Every structure is written in C-alpha cells, then in structure tokens.
Amino acid sequence: MAVTKALSVREEVVKERLGLTSNYAAAYAVKSVDVDVIAAYPITPQTTIIEKLAEFVANGEIDAEYIPVESEHSALSAVIGAAAAGARVFTATSAQGLEFMHEVLYITSGLRLPVVMAVPGRALSAPISIHGDYQDIMSARDAGWVVMIASSAQEVYDSIIMAYRIAEDNRVLLPVMVSYDGFLMSHTTEPVEIYHEEYVRKFTPRNLNRPRLDPRKPITVGVIASPDWYYEIKYQVVNALKESKGVIKEVHDEFNKTFGTNYDIVERFMLDDADYVLITYGGASTGNAKEAAIRARERGLRAGVLRIRLFRPFPTDEVVNAIKDARAVAVIDRALSPGNTYEGPVFNDVVSASIVGELISRSFLLFTAYPRGRCSSTTSTIFIKCLMSTREPVSIRGRRYSWG
Amino acid sequence: MKQLTWKDLPIGGIIIEPGNARRNITGTWRTERPVIDQDACIRCRICWMYCPEPAILELDKPYVTKSGKKYDVTYEVDYDHCKGCGICAHECPVKAIKMVSEVTG
Amino acid sequence: MKVYFRTIKDLPVDEYYGPGQLTCAGCGPSIAVRWLLKAAGPDVIVVNATGCIEVTTTSYPYTAWSVPYLHVAFENSAAAASGVESALRVLRRKGILDTKAKVMVIAGDGGTYDIGLQSLSGMLERGHGVLYVLYDNEAYMNTGIQRSGGTPHFAWTTTSPVGSKLKGKVQRKKDIMSIVIGHHIPYAATANIAYPIDLANKVKTALDYLVEGPAFIHVLAPCPPGWRYPEEMTVEIARLATETGYFPLYEWDHGRIRFNPPSNAHFDKSRRKPIIEYLKRQGRFAHLTEEDIKEIEKEIDEYWDYLARLAKAFG
C-alpha cells in the first residue's frame, strides 16, 4: 500500500528525469528553491555547480544575483551579508576553498545565518590532489554547521531542498552544508528526478520573520562579547545544533510525504539481523560497503551497512541502535585525524556513541580503516578482512580495536 | 544589568536596541571637565561639530548674555559621556570653554 | 562634489552614532564615523571591518549604532557589503522587500590597505553600489599600534620601532587612492575629520552616485595614543596634515580630478605650511633628524608633482 502511495505521489511531483552529475543536481536544486543571492569562486571539483548556476542566471532561469567573488573567503562573506539582509543564499566550494573560508564558517553559525553550501569533498594539499576524500569536511566538522553527506545525485538534489527548510526554520537558524564525493559523484552522471517547481517552492517557504538588517528596525549584528557573554551566545549555537536533530527528522518526514521518498538521517542496509556492521558515509564508500555486505552474506556472514547521512548533529541513537547487537563493527573513514589515538574521525564519533549507548561493557570488536588510494578498490577488501580476521589486526591501513 | 543566560538572549549575539551604548557612562573616565562660559560663547557650533562622542548638546534653550545678546540655542556638556579629551576647549575660537580638574576644580 | 551643506549652520542635527562607545578620549575615527552617519541619515546599512571602531562600538550587550550594522571579520567587509547590496537589489526587484537603504562600509587602514585589499578590489571591480569609507589612523591601533601599509615613512610603531639600526617605518605610505582610482569607479575622494562640512558633502555626493557603482572616501583620522600627542590636539593635527600638504583633499569624479580647499592652493609650495609643523606635534616622529625631515619634505614634493601631473591630465 505504502509503496503504491509513494509511487502515485512521485508521479505527481516529478517533472522530468534528467541525467545529471551530483554537481548539476545541486544546481538544479538551488534553481528550484527561488534563491536570491549566489556567491562563489571556482575550485575543482565544485566548479561545474557554479558554472551551471551562472548559466541559469544568464538565461534568466533563476531570478538571482550571482556574485562572482574574488575568493572563497569573500564567497562565504558575501552570502553572510546577503543572508543578514534577508535573502535566500547559496554558495559552494571544495578542499582548499573550504579551508580558505574556514574562519567565516564559524562566523556564519555564530551569527545564526541560514546559509546553504554544497561541498563535493576533496583531498587537502600538500601534495595537491584534486581527487575525492572527506578531509575538507572533517576540518569543518566543529564549525557549528548542520552537515549532511549524500550518496547519490538524487540525494544531493533532495538534500539541498531539505537544507533550505532546515536552515531557515526559526528553531534552527544555522548554516547547512550538503556534502558528497568529489569526482566520484560530482562528475558522474546519474538519473535524477526533478520536481515541479511549485511543489519545491511550497515545501521551502521564505522565512522573512528572522533578524535582518532593516533601517526601519536597526539591529547590530556581529558584536564583540566578553567571556561572560561569549559562552552564553556560543552555547546557543551548540544547543541549537543539538536540538536541530528533531527538526531535521521532521523535515525528512515531511519531505518523504511530499515527494514520495524514503530518507532518514541514517541509511540502514541489511542491518536488521546483522552480526557485522560496516559504518561509512558518502557515495563510493557506501556502494562498495553494500557490495561487500552482499558478498559477506554469500559466505555466510550476516553483514549490514549503516550509512551516516546526517553527520552533524551526529546520529548517536541511530548508531547505537545499529551496533548494539553486533559482533564486530568496522568504520571506513574517508579522512584522517592525524595524531589522534585512532585516526578515523567518524570512528571516534562511533566510539563516543558507544559510550553514550553504554555498549562499552559489551564484548564486540571495533575496526577503524582508511582506504588507501581510490576508495573503490580497497573498501570492500578492508571490510572482508575486518570480518574474517577477528584475531589479527587488519592490514591495509586498518586498525583493530576491541574492548569488553 | 542582570546577567542573562543563553536561554534569555536574542540569538546570534544580536543587539536589538539601537544606540543603547548610551548606558555606558564614559564620563567616569574624565580627569578634566570642559566648562562652557555661556556669556563668552558665540554659538559658532565648532565644539559641537568636533566632539567625538557626541557629548556637546545643542539645546533649544534661549539665553541672554550679560551684555544683552540673545541666543536661541545653548550648548551644554553631557557629563555622563564626555571623556574630557579637551578638543572642544582647544578648538573654541573665543576660548569660552575651560578644562577644569575633576579633583581640584 | 555637490554642495549639500554650505556652512557649519547647515549641518544636520540628528545623531546615529554614540554616545557611550568605548573609543579613547579624543578619538579621530570617532569624529569621522559620527559625521559619516550624520551625513548619510537613517536609511543606510553599515558594514564594519574588525578594528578600533568595531570593538569600541559593539561591546555586548551595548551598541553605539542607531542604523543597521553588520560586522563579519577583518578582511571581508567589502565582500559582506557586496552581499548586502546584492540582496537588497534582488529583494527589491522581486518585490519581497521595499527598501531604498544604501550600503556603507566603514573600515580602518589595516582592513583596507592590507588584509582587506583583495575584497575591496573585488567589490570595486564587480561594480557594487557600495560606499567604502576608509578611516585612516595610519596603523593597527586596535591591537596596540603596529605598522600597516598606511603608516607613513619614518613613523614609530611597535612593529616599526626606533632602534639603533632602524628608526621607524622603513617603507613609504601606500597610495590607496591611486589603487582605487585604477578601478575606474564613479567617485573617490579624500577627506579629513578637521573638515566635517567637506566630509559630509562628499558622503552625500558619494551616496548619490551609488546607482552607478562603487564610491570610496579616504578619511584621515588621527589617533592620540598611536600618534603620541595630547588628546585635545586631534583636530589641530588633522588640519595641519592638510595645511602642510601631507594629506591633500581631492576628488576623483567620473574621470576628472578636482582639488578642494585648502588643498587646491597647494600646488604652489609656498602656500603649504612647513611639514615640521605637522611632525613636531607627534611623538611617533620625535626621533626624526633634520635629514629625515628633509626626506619627508622631498617625498611630499614628489607626491605633489605626481598630483599636479594627474590634475593636468584629468583636471
């Protein structure tokens, strides 16, 4: 029944099916939400998003101001100015560009501005590499943004639409980053179903009822605060991000209802009876993990995959729920936190979640792994090795961690 | 002001009351105060123009000098905010403003 | 420049800045900002770069501003202002907001000559209708007097100290006006806190030109602790900067250059006061030898020669 209903909803809302890269899907999503100001600076692999948006603006397909700024620092600064003036805004970047705007990331959340940014993840220099990983995203992890990580072009499109609804919700008013694999997704064409604009517009009503720069009601934005005040104001951000999880779930539910989709803040794949759980994020890594789980099951191992779709705020309960009965859990990270006890950033988040879920006393094995080279060839190898070797530490940059 | 917490404050550190810095009583910084001799003052507006705060008030207050000259306005010092820099006294073309010590004056 | 205010009696009464800001006594930039806002009136949105004015006017929970105000960071005020201006334009076009507000950047010399130069150049090149005002107190005063690209040759600062080998700043002051004019914007002008009527007229003129593109005003604003002089001397020193020819008042208006009084008479060197009158009142120049002063004089002469050639070409 539910499937039939979803199908009929889909029939109604979908305007056309296009072959789009994740970058183009991002641009199409921005087009559909009646954006006002776009400011961006080109960087590989983000460039084709902003090329497409510039084209939309040049052809009058979007009524927006496109500010071709002279740097990423200015890109985020310009959308901050525009958002503070009441506009709906968009920017996008990758890697070095995200690092260059790093300072401004914290200011965006501190000023509580609903900026939406797409970030196809890319490796950080040096040596310079234009290829995909999530090191850039992880360096922005503590900036007080909502961070979503998509795994398909359709999901990029859908997530950006959701992002506006989340960011502009008066209970949230925080910036949202929608991330995905650089190149492996940003430059790979997939079929994407584009919605009729009226449905998207209705789903993303403009919120002018938030603080903005208006001479009729002058406010001061961007103050200096002594420590007495600083921590109160910063704690509002911490709290808002924590509380945003409820709103994000609500937005997911409503999106699913409106557009006949089936999103959650995590994706569960063959998890219900899984003894072995692989946790990962992004497109390629998830695809390979699913393949590995299928192959593991062929060998008689009950394996499943948990994909982190909402990275910040972290889906602690969902992770605990997915691993509480597991015999072994492996986290495939696409970034490193050098010098940390265990280098995988999401691995560390999973460990924290285990403590929260009081799973520490239970006996199970945790693995952390970072695929060397291109993700495609190594992820499944690592997973299989993780599953097969419960005695020996995993090789290939993998590490075994156990307690209980 | 009562120490408000994160639960009470507007978000984003936004200040919603324009010009409320008026509550900072910067006059306490002063070591010397400007005193305007209303009879000597020629109402040229120069002290008012150059005051950085602004702490020279232009008031619609008529005044008749000892010599019988009538003025529609009076310039007075806002001692709550005057920091005592002395620009007004220094720039006054008729030396109608004196800087007087806050301690001995 | 159009004349909106002929005499001191014409100057507007309403205040949009202060009092109660935490600027030092005798603050030159504070005089500048007060007159920027008085001239601009209430329908303006200010974007402020990090600096003295920013930290002294927005100390939470108090603000000295009675117009909408945005501070983002140090180097990006021009970028943030580009965003505000673009937002107002598109929201007006879409009929979402009905606003005629103008956008004004207020930034110091550090935020303009140095760390903010890139975003300023970007804003000027893209042609945003924003008035960018540089209040120049010739060093990083907020962090405690460090040299900037706007600090003059020989001046003492904490990072251009007077030592046994090096005495004050080794380099000359950057010519920011020429850099700005190089962007061929409609209007750029210099102004000085000692001449508020001229300053107010330039602000009004610049705001009127914003429909065509960006405008820039470079305001000299002395700093008592940084320049090392008694607080009451702020206006006198600022006035001497112009009277000695150190800081000429002029405008770049649609490709034409025009000199304003009293600087319009200063092509004739004999009409300029001796530079020593300006230098001797400031502790930051206390170490200068006669040769140093001669060198400064020579540099000012060279600058006037450059300006004379500009005036000849574009007057």
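Is region B:34-101 rounded, prolate or oblate when judged by the Cα gyration tensor, a ≥ b ≥ c being the square roots of its eigenvalues, rounded requiring a/c under 1.5 and prolate requiring a/b larger than b/c? If you can, show how the numbers build up before the last one.
Numbers: a/c = 1.90, a/b = 1.53, b/c = 1.24.
The shape class here is prolate.
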In peptide C:8-21, what is the residue-averaged number of other protein chain Cβ atoms found within 10 Å of each Cβ? 5
From fewest to most C-beta neighbours within 10 Å, the residues A:R17, C:R92, C:R147 line up as A:R17, C:R92, C:R147
Please work out the C-alpha center-to-center distance from region C:37-114 to region A:108-138 and express it in whole Å. 28
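I'd like to compare A:337-344, C:240-247: which one has the highest average count of other Cβ atoms within 10 Å, and what's the full order after that?
On the way: A:337-344: 14.1, C:240-247: 22.6.
The most tightly packed comes first, giving C:240-247, A:337-344.
Which of C:C27, B:C44 has the fewest other C-beta atoms within 10 Å, and how do the rest follow up to the most? Could the numbers behind the result be given before it?
Details: C:C27 31, B:C44 16.
The most exposed by this proxy come first: B:C44, C:C27.
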Which of A:M185, A:M117 comes first, and how do the rest follow, when ranked by fewest Cβ neighbours within 10 Å? A:M185, A:M117
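Can you pull the mean other chain C-beta count within 10 Å for peptide A:228-240? It would help to have the intermediate numbers written out before the result.
Values: counts 3, 9, 2, 2, 9, 8, 2, 4, 8, 4, 1, 2, 2.
Averaged over the peptide's residues, the number is 4.
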Please report how far the C-alpha centroid of region B:57-105 lies from that of region C:151-225, rounded to the nearest whole angstrom. 32
Please report the orientation-averaged projected area of region A:1-138, defined via the convex hull of its C-alpha atoms, in nm². 10.3
Specify the angular offset, from 0 to 90 degrees and rounded to the nearest 10, of the alpha carbon long axis of helix C:117-126 from the longest principal axis of the alpha carbons in chain C. 50
Any cysteines in chain B with zero other Cys Cβ atoms under 4.7 Å from their Cβ? List them, or say none. B:C41, B:C44, B:C51, B:C82, B:C85, B:C92
Helix axis angle, C:77-93 relative to chain C longest principal axis, alpha carbon, degrees: 20
Which of the lysines could a cross-linker bridge to B:K70, judged by Cα under 19 Å and excluding same-chain residues fewer than eight apart? B:K61, C:K9
Can you give the mean number of other chain Cβ atoms that lie within 10 Å of the Cβ atoms in peptide C:194-204? 1
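Taking the Cα centre of chain A as origin, work out the dipole magnitude from +1 charges on Lys and Arg Cβ and -1 charges on Asp and Glu Cβ, in debye rounded to 20. All intermediate terms of the calculation are to be shown ahead of the outcome.
Working: 44 positive and 48 negative charges, 203 e Å.
Value, rounded to 20: 980 debye.
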Before anything else, pin down the relative contact order of chain C: Cα pairs under 8 Å, at least 6 apart, normalised by residue count, whole percent. 17
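Students often check this: by mean Cβ neighbours within 10 Å, which of A:293-303, A:143-153 ranks highest, and how do the rest follow? Intermediate values should be presented prior to the final figure.
Numbers: A:293-303: 16.6, A:143-153: 24.8.
So the order, starting with the most tightly packed, is A:143-153, A:293-303.
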Sorted by mean Cβ packing within 10 Å, highest first, what order do the peptides A:59-66, A:166-173 take? A:166-173, A:59-66
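By Kyte-Doolittle mean hydropathy of at least -1.0 and Cα axial length of at least 30 Å, which whole DSSP H helices of chain A are selected? Kindly include the intermediate steps, with their values, before the conclusion.
On the way: long enough: A:227-259 (46 Å, -0.77).
For chain A, where a helix must reach 30 Å along its axis and average at least -1.0, the hits are A:227-259.
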Inter-part gap, Cα centre of region A:25-86 to Cα centre of region B:6-56, in whole angstrom, is 42
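Coordinate-derived values only; no laboratory data. Since the structure is predicted, the reported quantities are computational estimates derived from the model, not experimental observations. Backbone-built Cβ (ideal geometry, glycine too); neighbour counts: all protein chains shown.
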